[in-house]
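Inspection log for the structure reproduced underneath, given as structure tokens.
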Amino acid sequence: MKTKVNQAFSDALHNSGRRRVLKSAAAAPVALLAATTAQASHDGSSSRGAIVSPPTTPFLEALPIMPVLPQRLLTDPAFAIPPTTLPNRAINPATGIPFEGRGDAHQLRALNEPQFFFAQRFGAVPAVSIHPNLAPQVNFWGANLGGANFNQPSSPGYDPPMTPLPTLVSRYGDGVNTAMLVRRFNNIPTGAPSGGFGKNQITLHLHNFHTAPDSDGGPCDPRLGALSEAPLTQGRFFFPGQYYDYYYNMKRAGFTPAGGFAPDGDVRESLGTLWYHDHREAHTAENVYKGLAGFHLVFNAHDTGDENTGFRLPSFPQFDIPLIFTDLLIDPATGQAAFDLFDTIGHLGDKYLVNGKIQPFFNVSKRRYRLRLLDKGPSRYYQLFLTNPDNLAQSIPYWHIMNDGNLLPKPLLVTSIKLGVAERGDMIVDFNKLTAAGGAAQGATRLWLENRLIQTKGDGPSIDRDGRTELHAPGNRANVLLEFRIGAVAADASRDPATITSFAPITLPPIETPVLTRTFEFDDSRDGWVINGKLISCDEVRFTMKRGTTERWIYKNGRDWSHPIHHHFVEGRITKRNGVATAANSPENSRKDVVNLGPDDEIEFLLKVTDYLGVYAMHCHNVVHEDHAMMLLFAVADVGDTNQNP
């Protein structure tokens, strides 16, 4: 645990613009240096030091499936104070601070008053096993299913926090109001953070969703106290003892006249695989690493969640399985997950977790499954292959149907999917066809989901002389995320992706003529990671986009690092990478909210803003880079600017 001096030192480092702590390490208190750990890669190398996690035996435990967050009535105790469009800034006499951490009204809520209500209480996760060979983890944070009893195991209705976080499920309603409100309570303990890292002031970003700043879960806003930690002025992150009402109107982009569509938005903008995570400025990596991340899935009249209707994709939840990947480093001295506050390059762990367990197994039937892949980070990239450990010569294909939150124009038959931090990729695996006579994995009784991407440093994958990422040979158990154990044939009403020639009407919107080109250079500096030479400032909006218009953004990178660039609120299209137009059969021929920027890359990205006004963030989603200043704030307004190099 940190001492009070150590905690004050850590906060000072983060809140003074995140000056590069490595350059200040020599002056740091000895106790803090001793509490930090170096990172070890799956290749056995180490960025700084020689800390290696204790050994673990793979495939000992079954894959957990996170529960779906239940709907609650307004009569539930969570809503004893009824939700309102305006924030509840009345002072809570029990805490001396406002009841609600929200600082501004829910934008455009009158168009769709919430019909579905949910609650979550965020707090410390009780001791939880991530592997039988390791001690239970006692430093994780998470959220429960909304019950009021989150910390009294012996009392009725015990509902403890968990990580990964519960899965939220919502639906676009064509001509029907399906708007939802999620009330989130911050019950994370006060005082020094467990394990010596993490910040108990939180803000929950629904990554990729089309919503107003009041419910986007952004890191900070100069119009709402910037980075102030005074509860009377801060309006993005919220404090222990407060709640925050997040409102999602469940309308697709383009539902206002400025977007050109009404009343439910453009069906081509339908989103599917989203996730939500903490976004506390300067502490995102720590808080997400401690467990504050989970899935949010959105269905519609075409991607219905029922394999008997619409596109007939495998049914949720039996055969539609969310998989959240992360890598932890376990300190052998404590048996607990370790995080290095001095690391500004990127954190690599040497233990793969899927849905909170180290290298689990998953029993599947011989039929089709939809697997929703999410790279939670904090810094590792993945390139995912199916491997038959009993016949390594087999090359096993599967179907790629979704990139980030968006369906591709049609399914693509691939042998791997590459993910940067925060990217998603939905795949369909036909365990029956693959293992049948003549199949690519004929006779297989088990298959491995394997990350073959080589990454020895936290700022990106290893690159060969030709600029290609380097891969491990197949069959190394240390590189396996998940073992599929294949059982008997089961009924399957889902459609063979080979017969799907289009996901219309969910297609790519036309590319409109941009009104402006802006250039963003992502680089390193003496004081931190920078965009166009500047560190993040929560007091500064760097540029303003005009609502209803399309812009061209040029992303430039240098040297030998990689950056997965994420922009809140807006999605777009990668039209060129290093001067080459995006091919029709490329997974990048899709709507994207994360743009992977490799060494020396230059990418052309076109995007349009509609509907909402306010301040949003753009940042590197290697969250260590984000926390060390590679982020900026931009605004959407009815009058934009022409700043070409913000």
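The values are calculated or read from the model by the stated rules, or taken from the named source; none is laboratory data. These figures come from a predicted structure and were not determined experimentally. With ideal geometry, Cβ positions are generated from the backbone for all residues, glycine too; neighbour counts draw on all protein chains shown. Surface accessibility is based on the protein's heavy atoms, side chains included, excluding ligands, DNA and RNA. Shrake-Rupley method; radii C 1.70, N 1.55, O 1.52, S 1.80 Å.
A few points about this structure:
- Accessible area in square angstrom per residue, the chain, 1.4 angstrom probe: 34 Å²
- Cross-link table K357/K410; K376/K608; K251/K556; K410/K592; K290/K376, entries beyond 22 Å C-alpha to C-alpha: K357/K410; K376/K608; K251/K556
- Reduced Cα scattering model of the chain, Debye log10 I(q)/I(0), q = 0.07 Å⁻¹: -0.40
- 5 angstrom amide H check on V169, placed H, neighbours 5+ away: L69, L297
- Shape of the range 526-589, Cα gyration tensor, a/c cut at 1.5: oblate
- Scanning the chain for GluC sites (Glu not before Pro) that sit in a DSSP loop and have at most 14 other Cβ atoms within 10 Å, the longest stretch containing none of them is 230-469.
- Heavy-atom surface analysis with a 1.4 Å probe gives the chain a carbon and sulfur content of 55 percent of its accessible area.
- V489 contributes about 100 Å² of solvent-accessible surface, heavy atoms of the protein only, 1.4 Å probe.
- Gain in span if fully extended, R559 to R485, counting 0.36 nm per residue against the direct Cα distance: 22.4 nm
- Under 23 Å from the Cα of K366 - lysines, other chains or at least 8 residues apart: K433
- In the chain, the calculated helix contribution to ellipticity at 222 nm averages -1500 deg cm²/dmol per residue, counting -39,500 (n - 2.57) for every DSSP H run with n ≥ 4.
- Sites T415 and Y158 - FRET efficiency at Förster radius 41 Å, r taken between beta-carbons, to 0.05: 0.35
- The chain, relative contact order [Cα under 8 Å, separation at least 6], %: 15 percent
- Between amide H atoms placed 1.01 Å from N, distances below 5 Å from S129 occur with Q137, all of them 5 or more places distant or on a separate chain.
- In terms of packing, defined here as the mean over residues of other Cβ atoms within 10 angstrom, the peptides 328-338, 153-163 line up highest first as 328-338, 153-163.
- Cα gyration tensor category, rounded, prolate or oblate, for the range 89-188 with a/c compared to 1.5: oblate
- Toward the positive end of the charge dipole of the chain, with +1 on the Cβ of Lys and Arg and -1 on the Cβ of Asp and Glu, the farthest Cα among L63, Y398, G349 is that of L63.
- Estimated vicinal HN-Hα couplings, Hz - the range 404-418 in sequence order (Karplus 6.51, -1.76, 1.60; Gly, Pro = x): 6, x, 10, 4, 5, x, 7, x, 10, 7, 9, 10, 7, 10, 9
- Sequence-distant residues sharing a close amide H with I202 (under 5 Å, placed H): F238
- By accessible area with a 1.4 Å probe, ligands and nucleic acids excluded, highest first: order of L613, L516: L613, L516
- Fraction of beta bridges assigned by DSSP in the chain that are antiparallel (%, nearest 5): 70 percent
- Taking a ≥ b ≥ c as the square roots of the Cα gyration tensor eigenvalues, the range 449-538 comes out oblate, since a/c reaches at least 1.5 and a/b does not exceed b/c.
- Working ranking of peptides 291-297, 392-398, 180-186 by packing, defined as the average number of other Cβ atoms within 10 Å per residue, highest first, is 291-297, 180-186, 392-398.
- Across the chain: Cys residues that no other cysteine approaches within a C-beta distance under 4.7 Å: C620
- Solvent-accessible ranking of D245, D104, D560, largest area first, probe 1.4 Å: D560, D104, D245
- Taking every protein chain into account, the 1.4 Å probe leaves K534 with about 90 Å² of accessible area, to the nearest ten.
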